[in-house]
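The structure appears right after this line, and notes come after that.
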Amino acid sequence: MANSVSLKNDRQKLVTEGYLIPFMLVTSLFFLWGFAHGCLDVLNKHFQELLSISKAKSALVQFVFYGGYFLMAIPAGLLMQRFGYKKGIIWGLLLFCAGAFLMFPATFIQTFGSFLACLFIIACGLTFLETAANPYTTVLGPPESAERRINFSQSFNGLGWIAGPLIGGLLIFSNTESENKFSSIALPYMVIGTLVLLVALLFWRVTLPEVKEESQKADDNGPDSNAADYDVSWRNLFRHRHFVLAVIAQFFYVAAQTGVNSFFINYVTEEMPAISNQAASRILAFGGMGLFWLGRFTGSTIFMRLAKPNRLLAIYALMNVITMIIVMAGLGWFSVVALFSTYFFMSIMFPTIFALGIKDLGPLTKKASSFLVMAIVGGALIPMLMGHIADISTMATGFAVPLACFAFILYFGLDGYKVRIAGK
């Protein structure tokens, strides 16, 4: 009953304080970058066949994409701190749009590098969006329900992850007769680029409230403390142990998720040779990403009202350690089912780690957000390691890497999340 009242109060506050329309618009961003990420997994497999490159080299798709996050995260955070969320979001949408439309001329250049350049520009745009949208959802409403709000918004990210491999696989793998074998790559990006441009126009026209994050708890800074009195230096940020561990946990989560995504189609087609690439991309869309969306939706609306966010995170991490063991065992359909079941338990990890990592950081929130987004660089490094292991051993063996990543997230959910400040 108390949880029902709390959820009702959340909605009332969003409406009465003018946050509802901004919250809806910001939530739409989660779908857009989910679509962009979902297309990567199709591109990874497509480039292996189109350019006759190894699994390790095809992982440069993820390396360049997530490397863009690493390089742009701090500039995005600094821009947001100076100019606010709205300008940061619009700038991110325009970069996203530019990278998507540049995919068209890249299909005529027909080099791996030209496509990687487009993906890098898209990633730079997404960095702005994620640096703004993730913390923005946590401050648009009561702080006690921040984890639920960010998970709710992230459930739309899950829908984007479904649409990415579904539409991307349908359009990219369908081009078998055209003289230009690269032409189909541009199609999904033309669609999403047009949609992104329309959303940018909406953000330009709509007034977004510039919410100022509250300072830390009264017992840290005194009852009358405010942002102006609070030390917002980088050094002070790294005194917060839970934030530092959250950055590490986020690195390993994105590493694990990207590794699973990148080689999902490879694993399924190798474990079950009768399954085609297009069929595997449909399994990824409906089986894996469908469970991913379901996990985020149920996590935000049901399970986080029944269990503490950190406890749910620990349970889900433990389940993924188990699923990775089954995947490595190579048990046919049983292992394939375990692989796409992993998506359900990955679903709440990014937003929950993010919310726990910025908890009680007050004016340091935007800077902290930059580092949590920068941690996405884990997705640039781990797929290459997995691809190298698969090239010299088996694809199943490569999944030992995400297994280790999930083990660290289990620790963070059990103990690392606790708010502790060095010197206090």
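Values in this text are rule-based calculations from the coordinates and carry no lab data. Remember, predicted model here, so these are calculated numbers, not experimental data. Neighbour counts are summed over all protein chains in view; Cβ atoms, including those assigned to glycine, are modelled from backbone coordinates with ideal geometry.
How many Å³ per residue does the convex hull of the Cα positions in the chain occupy? Write down the numbers at each step before the final one.
Values: hull volume 54.7 nm³, N = 424.
It is 129 Å³ per residue.
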Considering only C-alpha atoms, what is the centroid distance from region 189-203 to region 359-374, in Å? 28
With label points built 7 Å along Cα→Cβ from the Cα atoms of Thr397 and Ile109, find their separation and express it in nm. 3.7
Neighbouring Cβ atoms within 10 Å as the yardstick, rank Leu71, Leu95 fewest first. Leu71, Leu95
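Once you list every other residue whose beta carbon is under 15 Å from the beta carbon of Ser52, what net charge do they have if Lys and Arg are +1 and Asp and Glu are -1?
Working: positive: Lys45, Lys55, Lys57, Lys181; negative: Glu49, Asp391.
That sum, taken over residues with Cβ under 15 Å, equals +2.
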Across 5 Å bins from the origin, how do the percents of Cα pairs in region 248-395 run, short distances first? 2, 9, 17, 20, 20, 15, 9, 5, 2, 1, 0
Putting +1 on Lys and Arg Cβ atoms and -1 on Asp and Glu Cβ atoms, find which of Leu51, Ile150, Cys124 reaches farthest to the positive end of the dipole of region 36-171. Cys124
With runs of 4+ DSSP H residues as the only contributors, calculate the mean residue ellipticity of the chain at 222 nm using -39,500 (n - 2.57) per run, divided by the residue total and rounded to the nearest 500. -24500 deg cm²/dmol
Cα lying deepest toward the dipole's positive end in region 305-424, options Leu331, Ala368, Ile348, charges on Cβ: Ala368
Ignoring GluC sites (Glu not before Pro) buried by more than 14 other Cβ within 10 Å or outside DSSP loops, the longest site-free run in the chain is 211-424
With everything on Cα atoms, drop me the angle between helix 400-411 and the longest principal axis of the chain, reported from 0 to 90° to the nearest 10. 10
Stokes-Einstein, Kirkwood over Cα pairs, region 342-409, 10 °C, 1.306 mPa s; D in µm²/s equals 115
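Among residues other than Ala314 whose Cβ falls under 13 Å from its Cβ, what is the net charge (Lys/Arg +1, Asp/Glu -1)?
With Lys, Arg at +1 and Asp, Glu at -1, the neighbours total +2.
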I want to verify the translational diffusion coefficient of region 32-134 in µm²/s; compute it with Stokes-Einstein, Rh as the Kirkwood radius over Cα pairs, at 10 °C and 1.306 mPa s. 113
Give the Rg (one decimal place) followed by the Dmax (whole number) of region 242-291, computed from C-alpha coordinates and expressed in Å. 14.3, 47
Inter-probe distance in nm under a simple model that places probes 7 Å from Cα toward Cβ, at Leu195 and Ser54: 3.6
Computed magnitude of the charge dipole of the chain (debye, nearest 20; Cβ of K, R +1, Cβ of D, E -1): 620
For a quick check, take a GNM of the chain with Cα springs below 10 Å and name the residue from Lys359, Lys308, Lys57 with the largest mean-square fluctuation. Lys308
Connecting every pair of Cα atoms under 10 Å apart in the chain and solving the GNM, the largest mean-square fluctuation among Ile122, Ile90, Ile53 falls on Ile53
Final fewest-first order of Phe101, Phe108, Phe340 on the 10 Å Cβ neighbour count is Phe108, Phe101, Phe340
Mean projection of the alpha-carbon convex hull of region 87-153 over all orientations, in nm²? 5.1
Calculated P(r) of region 119-162 - Cα pairs past 18 Å, %: 37
Putting +1 on Lys and Arg Cβ atoms and -1 on Asp and Glu Cβ atoms, find which of Phe408, Gly67, Ser276 reaches farthest to the positive end of the dipole of the chain. Phe408
Can you tell which of Leu414, Leu237, Leu51 shows the greatest fluctuation in a Gaussian network model of the chain with Cα springs below 10 Å? Leu51
Relative to the longest principal axis of the C-alpha atoms of the chain, give the angle of the C-alpha long axis of helix 20-50, reported between 0 and 90° and rounded to the nearest 10°. 30
